[in-house]
Amino acid sequence: MSAIALGMIIFAYLCGSISSAILICRLAGLPDPRQHGSGNPGATNVLRIGGRSTAAIVLICDVLKGMIPVWLAYQLYVPPFYLGITAMAACLGHIYPIFFQFKGGKGVATAFGAIAVIGWDLTGLMMGTWLLTILLSGYSSLGAIISALIAPFYVWWFKPEFTFPVAMLCCLVLLRHHDNIQRLWRGQESRIWNKLKKKKEMTEKEKNQTEKEQRKDKED
C-alpha cells in the first residue's frame, strides 16, 4: 500500500465521521436523531423529525462524505482495490464516527456517493432503483437493500474493474441493515409514509393544544 492510498483511507474515515445529521439538527434546533424517531442519525430519520428541507441537506452532505474522498483518490490514481477500501473507510466513519462516540448511521447515502464517482450512468441507475423500490413498497430500508444487492451487477456491466470494491462496500451496507432485513421478513418494518402521516397528525394535535392553551390564557 502506498502512502497516498493510506492517507486517502484515513482522510475518508475522518470525513465519514462528521455526522451531518447530528450537526444539522443541532443548528436547526431539532432533537438529536440518535434519541428520537428510529434512533438512526441519517437523512430518513431527519425527514421524520425535521421535515424535507432539513433531510435534503443531510442527504447531500452524507453523499458528499463518500464522494469527495473517493473522487480525490481516483484523481490520484489509487488502484481500484484501495479505492474500495477508501469507500469502505468513509462508510465506516459514518457508521462508527470517532467524533460522536462511534454511534452513527447506516452508510447508505455515503456509499451511494462513493459509488457515484464511477460514472453518471451508474448513478442514474442506482437512484432509479432506490426511488422505484421506495415508491412501490413504501420501505426506505428495502430501497437501500435492493440497491446494494443490484449495484455490483450494474458496476460489472459498466466498469468491471470496480466490481469487487463495490461488492465489498455493498456487503458492508447489507450487514448494517441486518435488523431491517429481519423486520421486513417478519412484516414488522414500518413504511415511511405511515411515519410521516403520524408525524403530521402529532403536529396537528400539538398545534390544536397550543391554540387551546392560548384561548384559555386570554379568557383568564
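The values are calculated or read from the model by the stated rules, or taken from the named source; none is laboratory data. What you are looking at is a predicted structure, and each value in this text was computed from that prediction instead of being measured. Cβ coordinates were reconstructed from backbone atoms using ideal geometry, including for glycine residues, and neighbour counts include every protein chain displayed. All accessible areas refer to the heavy atoms of the entire protein, side chains included, with ligands and DNA or RNA removed. Shrake-Rupley method; radii C 1.70, N 1.55, O 1.52, S 1.80 Å.
Applying the condition of being of a type in the set (S, T, N, Q) and surrounded by 24 or more Cβ atoms within 10 Å (Cβ to Cβ) to region 81-110 and asking which residue is farthest from the chain's Cα centre (by Cα) yields T86. Any residue that is closer than 16 Å to G105 by Cα, without any contact (Cβ under 8 Å) to a residue 60 or more places away in the chain and of a type in the set (K, R) - is there at least one of those in region 7-29? No, region 7-29 contains no residue that is closer than 16 Å to G105 by Cα, without any contact (Cβ under 8 Å) to a residue 60 or more places away in the chain and of a type in the set (K, R).
Give me the residue from region 61-80 that is over 23 Å from L175 (Cα atoms) and assigned to a helix (DSSP H, G or I) and, out of that set, least open to solvent (accessible area, probe 1.4 Å). Among those that are over 23 Å from L175 (Cα atoms) and assigned to a helix (DSSP H, G or I), it is A73. For region 111-126, a residue qualifies if it is part of a helix (DSSP H, G or I), over 10 Å from A144 (Cα atoms), open to solvent by 30 Å² or more (accessible area, probe 1.4 Å) and not charged (D, E, K, R), and the qualifying residues are W120, G124, L125. Looking at (1) open to solvent by less than 40 Å² (accessible area, probe 1.4 Å); (2) of a type in the set (A, V, I, L, M, F, W, C); (3) within 25 Å of G39 (Cα to Cα); (4) modelled with pLDDT under 85, which is the only condition M202 fails? Answer for M202: the failing condition is (1).
Go through (1) under 22 Å from L169 (Cβ atoms); (2) at pLDDT 90 or above one by one and return the number of the condition T44 breaks. Tallying (1) under 22 Å from L169 (Cβ atoms); (2) at pLDDT 90 or above, T44 fails exactly one: (2).
Of the helices (runs of 4 or more DSSP H) entirely within region 1-57, those holding at least 2 residues that are surrounded by fewer than 20 Cβ atoms within 10 Å (Cβ to Cβ) and over 17 Å from the mean Cα position of the chain (by Cα) occupy 3-16, 20-27.
When the residues of region 141-174 are filtered to those that are open to solvent by 20 Å² or more (accessible area, probe 1.4 Å), of a type outside the set (V, I, T) and under 24 Å from A55 (Cα atoms), which remaining residue is modelled with the lowest pLDDT? That would be L172.
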